[in-house]
Structure formats: structure tokens, C-alpha cells
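K.L.:
Pasting in a structure now, in C-alpha cells, and then I'll have a few things to ask.
The values are calculated or read from the model by the stated rules, or taken from the named source; none is laboratory data. Note that the structure is predicted; figures quoted are calculated from it, not measured. For neighbour counting, all protein chains shown are included, and Cβ atoms are generated from backbone atoms with ideal geometry for every residue, glycine included.
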Amino acid sequence: MKFKSFFLVLLTVGFCQSMFSQITGEIINSQDKTTVDYATVALFKVKDSTLVTGVITDETGSFKISEVKKGSYYLEASFIGYEKTKSKAFTITKQNEALSLGKIYLNASLELLNEVVLQGTTSSVINKVDRQVFTTGNFQNASGGNGIDVLKNIPSINVNGEGEIALRGSTSFMLLLNGKPIQSSATQILGQLPANSIERVEVITAPSAKYDPEGKAGILNIITKKGATNGAFTQINLKLGAPSIEDYDTAESAGRYGADFTYNLRQDKWNLSLGASYQRNDISGRREGDVSTIINDTLTRFPSDGERSSDEINYSGRINLDYTPDDSNSFSIGAYAGKRSKDRLATILYYDNHAITPADGGDADRVYTFQYLNDNLRIRKSDFAVASFDYAHVFENESNLSTSFLYEYTFLGGPTTNENLGYPDTSEILQEEYNTNDNPLHGTRFQVDYNFKPMKMGQLAVGYQFRNLDHKGDFIYERKDLDTGEFVLIPEFSSEVDLTRQINSGYVQLDKSTDEFDYSVGLRLESMNRDLYLKDKVGVVDTTYTYDFVKLYPSASIQYKVNDNLILKTAYSRRVERTTSFKMNPFPEREHSETLEQGDPTLKPEFIDLVELGVVKAFESGASLYGTFYYRDVQNLINRVNTVYNDSILNRIYSNVGSGKSLGLELGSEFNVTDKWRNFIGANLYNFSIDGAYNGNPIDTSSFVYSLNVNSTYDFSDTASLQFTFNYLSDRVTAQGEDSEFYSPNLSFKKSFLNNQLIATLQWQNIDMGLLDTNEQRISTWKDGSFYTTTNYVYEVDMVFLNLTYAFNKRKNQSKFIESEFGKREF
């Protein structure tokens, strides 16, 4: 088999012997035995104490120093907040020696025991060869919130009113949790992850071949907090939201509250984590729209206005058990289950609805005029259960093997009720429709990675991943017969769908570090088999669509250290964005009165090439500045496009529309105005263009897009601070129109009590005060001579929250949970 041959070649290469000496070790916090990542390790000659070289520990606290000549040496390890540690002298006696110094312990500095002071002096961003690392301790405005609140502070990331997350202008990226790939919706996962459990966020815009290639904008790796001392840890979080300040004339008032707890017990070789969460997060709002269609010689207009609110409830439970019998082996088993529902209510008045002919308005006659009330309730539910098993082994020669298996069952579904009622007499039913769907999903993933012992050529790694998805759907669409009162099946909107997708992939990766250069090269081979079976309810359609491919995904990155204050880097990565079941189902779904939504069964994945060139500059004042030029080329670009279904309904279709190109510049700067006033500013500026066609009509559009994130914090004392944030996203084009600007200012006050065991955060989100257009987004699409639609979504502003976090002891949390792999992506 081709994969067997592929891995035999990799293994043969891996067993080549190193001919040069290398020193390895691990930096450990002596107090709680946690690893210290990004610590500095310097190598000195014993004879005259001259510096030979230096490296930085990785995210596991490990370091390696290559190309060491014969001689006697000692190491010095240091990091902010720790006392410098000097190792005992050691001797390299031969050129091919691999010397492990084991664990080197750092003691906390007596001058920096206060955690708040540490946060005040920690850099918000660390630039590495393949990623930017953002420490979340400085983003205090997110305290008590969730992972999405954390991301709002990071340059190149934008979050709109619907909670959709975009990296470099794209909602397509891969999410990792503690380095493990998550196939699910990032919005759903991060919306349930407490912000105070996140240690840092890694933005990997040009990932290496060892990562799954999915996600055209790159990877977000969320690292959660951990500890390592024996004992128990218990933490409770409570969220309380004030009643809505603005009146949106909604049928029900919004409820916003929640609570979660985490319990962690560690005893020598065992680590048990338990957690439970309940969240209610309702959002009030309105929708203002205007739509016009042209069919033959008739222009139909139907302006609208009304409520568009959502009620969202999430509750779940998690358990994880780790067992580490010795230094060489570790086992982990976990389970995660819960329920989720989101009810979106749209009660829209369509007023002054009329048709005129001729459409050009010359000597026009009004054909008809009427108004009606559309009551549309869309309920989306998800019951899920996930289980995983992981095993890792470290060999005596410093090679290591890790394996991971995950299984998920998710039941997706929920009905949509659509009623068109007379107005002002709403007792008159003009049309009533009901559609529902059941979407059971089964997903499995198996992954194995092997890192060979360090060699002269660098660190070689190989790996294999298998993923299988089986997603069925049963869609029923009914319309009430107003004469009989019975609901009748609508065949063209009803279907059975079965998507199966298998992916086999393997990679080889080589990493190398020297005094001045860090580089990485890799190659990933992937085979995908996709079958989409479609059947309608009356036996007319019975078709299977098949799409298979074998692709190579190369990657390369290099970083050059000019001096201690200046770094240059460049990278290339090839990516893929695979399609979801929803975007491939060709049977329409009635979203609301004026819109049908459907997919394309022949939809092809997007293939992406990413190139970037960056510079990082540090100043003696402590300020820093970084900039990255990037270019992204997307083939088979998927966009949502509209066609006219009838005189008052548009058909929204997902389709491959051509190619999309982005050329941009990221900028970020961190600086202090005074010792108590810290600032972090990031910007993303890029030109986005689409070149292609849809339904025989050419598409050639482009726009310049820019976004800005500002985070400004003033510390009144070691236990109290005020933080202001501002997020802005400019206008941007789509295949058939444009999305308007979107911005949101926020203010938070944080105060800690009881020696930091109790933390209270008062937040004022989406500041507006009736003076601004905060938290509003207008979406417009058009096609000359066919249709024009514009909708302004007015989301709730001036929202006030009180978040309370209490830890029953001061031990660090080492809870570790699994997350959903497949179902949340479809939710």
C-alpha cells in the first residue's frame, strides 16, 4: 500500500545516526514542579566563562543545544520572576555524544511573589519562528467571560455581532486545544470555555506539515492553565447580567446568567478533573431590511422591520483521568457530554409591500399593495457525547511516541416554524410552514506521532492521522393546507442525506535551531474519500456524489536573529478548507419569510497557499513592534450567493465562485505610557479581491479592508485596574455585495479580594449610550437587473455584567478536558 511504503521511507530516514554532540534538558518551576516555557538557557565555557550560545525553551519547557564541540561547560537558566540558576560543570568528550542534563529547577524571585505584579510586567506578545504567542493575563477585560472575549483583544482577529470569529478576514481556521486538533466550530467551543482558564493563545498563520492542513487562515492554538502539585483545587465562577438598558420592543426580556465549577485532585501518579457548566446568554436586537426583485417587467419591493433576538442555553459535564506510572509512560481518558440549544426569533413586519410595472419606473402602475407579519422561530439543538483515550511513551534514547483516539456521537436537529399573518389583523393566517431535521453524526479520529532522538541535522518527526465522518440527515418540510388544517409534505424541500468522509494523512517534519537561524521544513500527504448520498421523499432523486483526491501539503519557515533586538522571518504553507454537510445539501431550507438556503452537492474544497514575511523589533525602553506582510491565494473560493426564487423570496446558495486573493500587513505594538498605564495596539490592513463567475455571470470585485484592536489598562493598585478595549472592522466586499463596518467599545473594572482568591469584574460591553452605532452590521447583496437586498442587524448595546470567581485554595489548576471533534462544526 502507498501509505505503508511512505512510512517505511520515513522510518528509514529517521534512524540515521547523529555525528555531532547535543545537549538537552527541561526547565522546571521548583515550587509547583510545572515546566517553564520561553525560559532562556545559555551555554558557557568553564575555562573563561565566555558565552557559547543560547536557546529558548519550547512550550513543554524543553531545550536542546546542537553543534557543541568537545570541552567543559556549564549552563545558566533564567526567566522573568525567577532567580538565575547555574548548573554544575559537565564535559563533552566526543563529537557524537547526546548529553541529557535532565530537569533544571528555577526558584521564584523573592522580589516578584505577587502574581498581579508579574502580570503587569509580562509581555502581551511573544514572537516565535512559526507563531505569535499572546498571554491572556494582560487582557483583563475578558475576565469572567469566555474564550471569544479573549480573542477580541488579538490583532488580525475580529468577532462580529453573531459571534463569528475571523482570522485575517477569514472565518476558516483550524482550532487546537492544548495542541490537539478540534474539528468543530470554534465559536461554539470558545463560547463555552471560561476566559480565566486560558493561559495563552498561539496564532499560527503559516503552519508546518505536522499540523492538519485544514483552515485557510491558519491555526489558533488555545493553551489552558495547568499546575502540578499534589492536592485539591476547587474554583467556582458566577456570571450575572443586568437587564437590558436599551428597549428593542422584544416579546421577552433577555436573560444572561451562568455558573461553572472545576474540581481537580492530583495525587502522585493520578490526576482527576471534574467540571460542570450552565450558561444562559440571550441577546436582544432588531432587523431592518429592504428587498427588491425584478422578474420580467415587474419590480417587487418588500421593506421590513422587527425583532430579531436569540435565546441560548448550554449545559455540560466533563471528566478526565490521567495516570503517569513513571517518567516514560502516561495515559489519559476523558468524556464530555451535554445539551445545547439556540432559539432565534424573528418577528418581522413587511410593510408597504408592492409591485410595479414596468420595472424601470417609467409610467409605472402599482400592481398591488399589502403588508403582513412574519413570525419565524428557528430552534437549533445539539445533544452530544465525546470520549477519548491518549497514550504517550518516552524512549531511553530521548525519542518519544504519542497516540490519540477520539470518538464522538452528536445528535443535531431542530424545527423552524414560519408563519405569515395578516396585519394589523394577525388572526388571519396567510401561510404556515414547518420544517424539521434530524442529523445524527458519528466521528472518529486516530493519530500517532513519533519524534526521533535529536540529530545533527535537527529534530525529525513523522506522524499519521485517520479521520472518519458519518453524518446523516432527515429533512422534512411541510405546509399547512388552509382549507383542511392539515400539514402537507413539500417534496422539493424534503430529503435524506448521508455524508461519509475518510481522510488518511502522513507527514515528515524537520526542525533545526542554531545561534542565528531557526528553520523548519515539512511535507504532508493526504488522501480524502467523500461520498454524499441524496434521496428525496417521493423517490425521484436517488444519487451519490463522489469526490476523492490525493494532495501534497508542503511547508517551510525560517527565522534569522540579526541581533538581540531584531528578528526577521518568512514562511510558506499550503492549506485546505473542507466543506460541511450543511453547505452541500441541495434541498432548500426556509430560513425566514424572504430567504431559502441551500448547498451544492458538487462543492469542492478550497485549496490555499500562504506566504508571509515578518520583522520583530524590541526597544531599550521595553516597547516592542512587529509587522508581517502576507499573501493568501484561495482556489475554489466558497461564497454565499443569491438568486431570485420568486417575486418575494431569494434563494441563498453556497457555491465555488472562483479565486480569492488577500495581500496585507499586520502591525502590533506594546508600550507603557507610565509604569501603571499599559497599552497594546494591533492593526490588520489588506486588499481582498474575488475573480471568478457564478451561474454564467462574471465576478470581479475587490476592496481594501482594515481592522484595529486597542487594549489600554491602568493599574490603580496591585489589586485594582481599569481596562478599555476598542475593536473595529471596516467595510468589506463579498461575491455579490458588501458587509458594512462593525465596531464595539468596552470598559471593565477588576478588583481582587482575599489575597486574590476572590476576583470581581464589572464589565460594560458595547458602549453606545444612544450616541453611537455600536454593534450594528449591514449586509447588502445585489445583481443588476435581478435583485437588491440590504439588511441592518442591530444587536444589543450597553450590556452590563458582574463576574465573580472564587478559588477555595491557592493551588494552581491542572484540569484538562477533551472537546468535541466533529459535531460543533456542524451546529
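K.L.:
Being surrounded by fewer than 17 Cβ atoms within 10 Å (Cβ to Cβ) and hydroxyl-bearing (Ser, Thr, Tyr) is the filter here, so list the residues in the stretch 606-642 that pass it.
P.N.:
Matches in the stretch 606-642: SER621, TYR631.
K.L.:
May I pose another question? Can you confirm whether the stretch 274-289 contains a residue that is surrounded by fewer than 16 Cβ atoms within 10 Å (Cβ to Cβ) and closer than 30 Å to SER330 by Cα?
P.N.:
Checking the stretch 274-289: at least one residue is surrounded by fewer than 16 Cβ atoms within 10 Å (Cβ to Cβ) and closer than 30 Å to SER330 by Cα.
K.L.:
Go through (1) in a strand (DSSP E or B); (2) in contact with a Lys or Arg (Cβ under 9 Å, 6 or more places away or on another chain); (3) within 28 Å of VAL203 (Cβ to Cβ) for LEU665 and report which single condition fails.
P.N.:
(2)
K.L.:
Let me ask you something else. Only one of these is assigned by TED's automatic domain parsing to the domain that holds ASN158 and under 23 Å from ARG287 (Cα atoms): TRP677, TRP782. Name it.
P.N.:
Exactly one of TRP677, TRP782 is assigned by TED's automatic domain parsing to the domain that holds ASN158 and under 23 Å from ARG287 (Cα atoms), namely TRP782.
K.L.:
Separate question: Give me the residue from the stretch 498-520 that is free of Cβ contacts under 8 Å to residues at least 40 places away in the same chain and within 26 Å of the chain's Cα centre (by Cα) and, out of that set, farthest from THR53 (Cα to Cα).
P.N.:
The extreme case among them is THR500.
K.L.:
Looking only at the stretch 418-435, filter to residues that are of a type in the set (Ser, Thr, Tyr) and surrounded by 16 or more Cβ atoms within 10 Å (Cβ to Cβ); which one of those is farthest from SER66 (Cα to Cα)?
P.N.:
Residues of the stretch 418-435 that are of a type in the set (Ser, Thr, Tyr), as a first pass: 423, 426-427, 434.
Next, from what is left, pick out any that are surrounded by 16 or more Cβ atoms within 10 Å (Cβ to Cβ): 423, 434.
On the way: TYR423: 78, TYR434: 67 Å.
That would be TYR423.
K.L.:
Just need a number here: residues in the stretch 744-763 that are under 25 Å from the mean Cα position of the chain (by Cα) and either surrounded by 17 or more Cβ atoms within 10 Å (Cβ to Cβ) or not in a strand (DSSP E or B) (or both).
P.N.:
Residues flagged as under 25 Å from the mean Cα position of the chain (by Cα) and either surrounded by 17 or more Cβ atoms within 10 Å (Cβ to Cβ) or not in a strand (DSSP E or B) (or both) within the stretch 744-763 amount to 6.
K.L.:
Inside the stretch 453-512, can you point out the residues that are under 29 Å from PRO605 (Cα atoms), among the hydrophobic types (A, V, I, L, M, F, W, C) and crowded, with 17+ Cβ neighbours inside 10 Å?
P.N.:
Across the stretch 453-512, the qualifying residues are ALA461, VAL462, LEU469, PHE475, ILE476, PHE493, VAL497, LEU499, ILE503, VAL508, LEU510.
K.L.:
Right, another one. Please verify whether TYR391 is assigned by TED's automatic domain parsing to the domain that holds ARG308, in a strand (DSSP E or B) and under 30 Å from LEU460 (Cα atoms), treating the condition exactly as stated.
P.N.:
So TYR391 fits the description; yes.
K.L.:
What's the total number of residues in the stretch 747-803 that are of a type in the set (Gly, Ala, Ser) and more than 30 Å from SER717 (Cβ to Cβ)? It would help to see each step written out before you state the result.
P.N.:
From the stretch 747-803, those of a type in the set (Gly, Ala, Ser) are 748, 752, 760, 770, 780, 785-786; that's our starting set.
Still in the running and more than 30 Å from SER717 (Cβ to Cβ): 770, 780, 785-786.
Looking only at that region, the number is 4.
K.L.:
On to the next question. Yes or no: the stretch 249-262 includes at least one residue that is in contact (Cβ under 8 Å) with a residue 24 or more places away in the chain, in contact with a strand residue (DSSP E or B) (Cβ under 7 Å, 6 or more places away or on another chain), on the phi > 0 side of the Ramachandran plot and surrounded by fewer than 17 Cβ atoms within 10 Å (Cβ to Cβ).
P.N.:
So far as the stretch 249-262 goes, yes, one or more of its residues are in contact (Cβ under 8 Å) with a residue 24 or more places away in the chain, in contact with a strand residue (DSSP E or B) (Cβ under 7 Å, 6 or more places away or on another chain), on the phi > 0 side of the Ramachandran plot and surrounded by fewer than 17 Cβ atoms within 10 Å (Cβ to Cβ).
K.L.:
Among the residues in the stretch 621-640, are any out of contact with any Asp or Glu (no Cβ under 7 Å at 6 or more places or on another chain) and under 26 Å from ARG287 (Cα atoms)?
P.N.:
yes
K.L.:
A further question follows. I'd like the full set of residues that are assigned to a strand (DSSP E or B), surrounded by fewer than 16 Cβ atoms within 10 Å (Cβ to Cβ) and either among the hydrophobic types (A, V, I, L, M, F, W, C) or touching a Cys at 6+ places or on another chain (Cβ under 7 Å) (or both), limited to the stretch 350-368.
P.N.:
Of everything in the stretch 350-368, just one residue is assigned to a strand (DSSP E or B), surrounded by fewer than 16 Cβ atoms within 10 Å (Cβ to Cβ) and either among the hydrophobic types (A, V, I, L, M, F, W, C) or touching a Cys at 6+ places or on another chain (Cβ under 7 Å) (or both), namely VAL367.
K.L.:
Being at pLDDT below 75, in the same structural domain as THR579 (by TED's automatic domain parsing) and within 18 Å of the chain's Cα centre (by Cα) is the requirement here; does PHE173 meet it?
P.N.:
Taking the combined requirement at face value, the residue does not satisfy it.
K.L.:
List the residue pairs whose Cβ atoms are under 6 Å apart, where the first residue sits in the stretch 631-646 and is hydroxyl-bearing (Ser, Thr, Tyr), the second is in a strand (DSSP E or B), and the two are 6 or more positions apart or on different chains.
P.N.:
Here the result reads TYR631/VAL611; TYR631/LEU663; THR643/ASN651; TYR645/LEU596; TYR645/ASN651, each pair linking the stretch 631-646 to a residue that is in a strand (DSSP E or B).
K.L.:
Can you name every residue in the stretch 637-662 that is over 20 Å from ASN687 (Cα atoms), among the hydroxyl-bearing types (Ser, Thr, Tyr) and in a strand (DSSP E or B)?
P.N.:
THR643, TYR645, TYR654, SER655
K.L.:
While we're looking at this one, here's another question. Residues of the stretch 396-417 being crowded, with 18+ Cβ neighbours inside 10 Å and more than 30 Å from LEU482 (Cα to Cα), which ones?
P.N.:
Residues satisfying the conditions are SER404, LEU406, GLU408, THR410, LEU412.
K.L.:
For PRO424, work out the one condition from (1) part of a strand (DSSP E or B); (2) under 26 Å from GLU252 (Cα atoms); (3) out of contact with any Phe, Trp or Tyr (no Cβ under 9 Å at 6 or more places or on another chain); (4) of a type outside the set (S, T, N, Q) it doesn't fulfil.
P.N.:
Every condition holds for PRO424 apart from (1).
K.L.:
ASP297 fails exactly one of the following numbered conditions: (1) over 30 Å from ARG131 (Cβ atoms); (2) surrounded by 15 or more Cβ atoms within 10 Å (Cβ to Cβ); (3) acidic (Asp, Glu); (4) touching a residue at least 40 places away in the same chain (Cβ under 8 Å). What is the number of that condition?
P.N.:
In the conditions (1) over 30 Å from ARG131 (Cβ atoms); (2) surrounded by 15 or more Cβ atoms within 10 Å (Cβ to Cβ); (3) acidic (Asp, Glu); (4) touching a residue at least 40 places away in the same chain (Cβ under 8 Å), ASP297 misses (2) alone.
K.L.:
Moving to a separate point now. State all residues of the stretch 542-579 that are modelled with pLDDT under 90, under 30 Å from VAL497 (Cα atoms) and surrounded by fewer than 16 Cβ atoms within 10 Å (Cβ to Cβ); if no residue qualifies, say none.
P.N.:
ASP542, the sole residue that qualifies.
K.L.:
Follow-up. If you take the residues in the stretch 57-89 that are in contact (Cβ under 8 Å) with a residue 60 or more places away in the chain and part of a strand (DSSP E or B), which one is surrounded by the fewest Cβ atoms within 10 Å (Cβ to Cβ)? Full working, then the answer.
P.N.:
Residues of the stretch 57-89 in contact (Cβ under 8 Å) with a residue 60 or more places away in the chain: 59, 64, 66-67.
Filter once more, keeping what is part of a strand (DSSP E or B): 64, 66-67.
On the way: LYS64: 20, SER66: 22, GLU67: 15.
My answer is GLU67.
K.L.:
Let me ask something additional. Could you grab me the full set of residues in the stretch 427-468 that are touching an Asp or Glu at 6+ places or on another chain (Cβ under 6 Å), within 19 Å of SER399 (Cβ to Cβ) and either at pLDDT 90 or above or not in a strand (DSSP E or B) (or both)?
P.N.:
LYS453, GLY463
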